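S.K.: One structure, as structure tokens, below. Some questions next.
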């Protein structure tokens, strides 16, 4: 089909159509980009068992080491891993009972199986040291240095009456919304 | 390069190439859109412990409140949270034993640690009430109102001989395929 | 607007702009494609409880059956599900103690609740057989046939002194990096 001056308007029209399709596609791609997961791993640390908390920190430091943002949301028994001491003064009866019966720091966490009043936990720590595996406390320090975000669940803290001065430094505080904010944009989510 | 009438065919050809590139891109974007996760959170509730089931419902209602579709797939002990009573008539021996030894409603769920024959669970419920945190039953009601989908695992029900009239109303029934159907399109997946 | 030869350069310029926008979009789409999850499900199998390991394999075989790649990363107690025997010779004291106190094959796994020295596990196996549900061992075989990837955690093996000849055949060995490599590209991730 020979093209003449009088036929150029269709060319302009065709171009306008292309531009429109392109604009629509650009907006769809922008939408996809906005919704795509970030380089992020999010986990709930519900358990306060040494073995499970160890697994959480192995994954957290491993993910941070390969460039992922990592969010750890500590709730319920998981808060025991973040304690530096237990205080009883000013607490209600049940809060005091809970404090007395719970580990007062990561060093006192039991193992989930074969704990035998703490012997299992000591044994696991010894076996890890024998193989030159970092201790939980070293992994927590490493996580901190790698910028892993550690959030203490507000509701659990409130229910159990755990105060700021019972927890280690450098924590954020947040509710389930804080967890979800990170989890929904994550490439992997775990409940530990 | 001066453009003359005799050179317009290349312009048309160039445009055809653009149109073709655009069409290919549109189909790639459509493919990406089809595969992108929905606004959905899926979880397996395997545990029948009060503290873990509470965590599941806190996350479920929290996610529903920020506009996510939520699917909860209750399996094994998790089914205990959905019971309204235990019936023994018409069950096999092991099914009766399982029914007798299991909680017959969410109100009887134990806690995963320090349960002490139910005292731990009562203590946790009291501590939550003291801080005006909704009870598990209130959260379940809220989840229902927010449209959270609760599925009772068919295989677990079958193995344990749990019948329809032992479970609360408003549940869906489904197998692992039902869970996977939702989980594979989710932004976050959890095993609780 | 009449188009003449002298006005064609703008047409070529407009086309160049379109081409440039298209190229940018193509590169953004390629980036989205590279980052989108694969058809893959990844799980950590931390637990060595029969009921939880069963849940893991039900999900794994179900996912493989609908065309997903599946990666199972066995760590800590989860390794017990992969044992074929326990050996004591050549092990350190704690490693021997751990071996003696742990199940020496999937057939000896306890249940997480109401185990009563193994009676609970036998009861669950019997109830499953009564309803024609595959046994754990059959599911593991099925997983293998469906190409499910099973990885034995190197660090756990090292810490517990578990040797190759204690584990079933056909396993891969890997660390947390191996898990993350699959998990970050997965559509669903679970910690069991």
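S.K.: Residue by residue through segment C:32-54, note down the ones that are within 17 Å of residue C:109 (Cβ to Cβ), more than 13 Å from the chain's Cα centre (by Cα) and outside any loop (DSSP other than H, G, I, E, B).
M.R.: C:50, C:51, C:52, C:54
S.K.: If a residue must be at the interface with chain B (Cβ under 8 Å from one of its Cβ atoms) and either in contact with a strand residue (DSSP E or B) (Cβ under 7 Å, 6 or more places away or on another chain) or closer than 19 Å to residue A:41 by Cβ (or both), how many such residues does segment C:25-36 contain?
M.R.: So the answer is 1.
S.K.: Is it the case, given these coordinates, that residue A:42 is at pLDDT 95 or above, more than 8 Å from every other protein chain (Cβ to nearest Cβ) and either within 25 Å of residue A:178 (Cβ to Cβ) or touching a helix residue (DSSP H, G or I) at 6+ places or on another chain (Cβ under 8 Å) (or both)?
M.R.: It is false that residue A:42 is at pLDDT 95 or above, more than 8 Å from every other protein chain (Cβ to nearest Cβ) and either within 25 Å of residue A:178 (Cβ to Cβ) or touching a helix residue (DSSP H, G or I) at 6+ places or on another chain (Cβ under 8 Å) (or both).
S.K.: Output the number of the condition that residue A:47 fails; it satisfies all remaining conditions of (1) within 17 Å of residue C:186 (Cα to Cα); (2) within 10 Å of chain C (Cβ to nearest Cβ).
M.R.: (1)
S.K.: Another question, if that's okay. Which of (1) surrounded by fewer than 18 Cβ atoms within 10 Å (Cβ to Cβ); (2) under 18 Å from residue B:186 (Cα atoms); (3) modelled with pLDDT of 95 or more does residue C:36 not meet, given it meets every other one?
M.R.: Evaluating residue C:36 over (1) surrounded by fewer than 18 Cβ atoms within 10 Å (Cβ to Cβ); (2) under 18 Å from residue B:186 (Cα atoms); (3) modelled with pLDDT of 95 or more leaves (3) as the failure.
S.K.: Also: Are any residues in segment A:59-76 surrounded by fewer than 24 Cβ atoms within 10 Å (Cβ to Cβ), part of a helix (DSSP H, G or I) and touching a residue at least 24 places away in the same chain (Cβ under 8 Å), and if so, which ones?
M.R.: A:61, A:64, A:65
S.K.: Sticking with this structure for a sec: Is it fair to say residue A:9 is surrounded by fewer than 16 Cβ atoms within 10 Å (Cβ to Cβ), outside any helix (DSSP H, G or I) and either at pLDDT below 95 or more than 31 Å from the chain's Cα centre (by Cα) (or both)?
M.R.: Numbers: surrounded by fewer than 16 Cβ atoms within 10 Å (Cβ to Cβ): yes; outside any helix (DSSP H, G or I): no; either at pLDDT below 95 or more than 31 Å from the chain's Cα centre (by Cα) (or both): yes.
Criteria not met by residue A:9.
The values are calculated or read from the model by the stated rules, or taken from the named source; none is laboratory data. It should be emphasised that the depicted structure is a prediction, and the values quoted were computed from it without experimental measurement. All Cβ positions, even for glycine, are placed from backbone atoms using ideal geometry, and neighbour counts span all protein chains on display.
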